[in-house]
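S.K.: Structure below; questions to follow.
FYI, it's all coordinate maths here, none of it is from the lab. All values reported here derive from a predicted model rather than from experimental measurement. A quick note on method: Cβ atoms are made from the backbone with ideal geometry, for glycine too, and the neighbour counts reach across all protein chains shown.
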Amino acid sequence: MGPVFLALNRSRRSVALDLKAPAGLEAMRRLLATADVLMHNLRPASIEGLGLGYGSVDAVRPGIVWCGMYGYGEGGPYAGRPTTI
């Protein structure tokens with residue numbers, strides 16, 4: 001890890017979860033119960049397939065700020081396609 005990354009992320013906590021595994025998905029739901037914001041970069045169909053769409057997350061944590069960042073948006077000819085960086 002570079003010094004800039006270390007400086008910008010000082011005193012922050014992180015976790016890596018396998019959301020396709022039942023244990024990882026359950027851990028995510030436990031985290032969401034106390035979260036204020038959920039930000040993700042999964043395609044709309046992918047996040048819904050995991051059971052983490054806005055309706056599902058709002059049922060776990062009412063009033064949560066749910067932010068999905070999609071490469072091509074939800075409409076148009078490239079909607080639903082993955083982006084490459």
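S.K.: If a residue has to be in contact (Cβ under 8 Å) with a residue 24 or more places away in the chain, surrounded by 11 or more Cβ atoms within 10 Å (Cβ to Cβ) and more than 24 Å from Ser14 (Cβ to Cβ) to count, how many in region 46-78 make the cut?
M.R.: The total comes to 0.
S.K.: Among the residues of region 48-74, what is the count of those that are in a helix (DSSP H, G or I) and either more than 13 Å from the chain's Cα centre (by Cα) or among the hydroxyl-bearing types (Ser, Thr, Tyr) (or both)?
M.R.: 6
S.K.: If you take the residues of region 1-26 that are hydrophobic (A, V, I, L, M, F, W, C) and assigned to a loop (DSSP other than H, G, I, E, B), which of them is farthest from Val57 (Cα to Cα)?
M.R.: Within region 1-26, the match that is farthest from Val57 (Cα to Cα) is Met1.
S.K.: Evaluate the following for Thr83: is it in contact with a Gly (Cβ under 9 Å, 6 or more places away or on another chain) and either touching a residue at least 60 places away in the same chain (Cβ under 8 Å) or polar (S, T, N, Q) (or both)?
M.R.: In short, yes.
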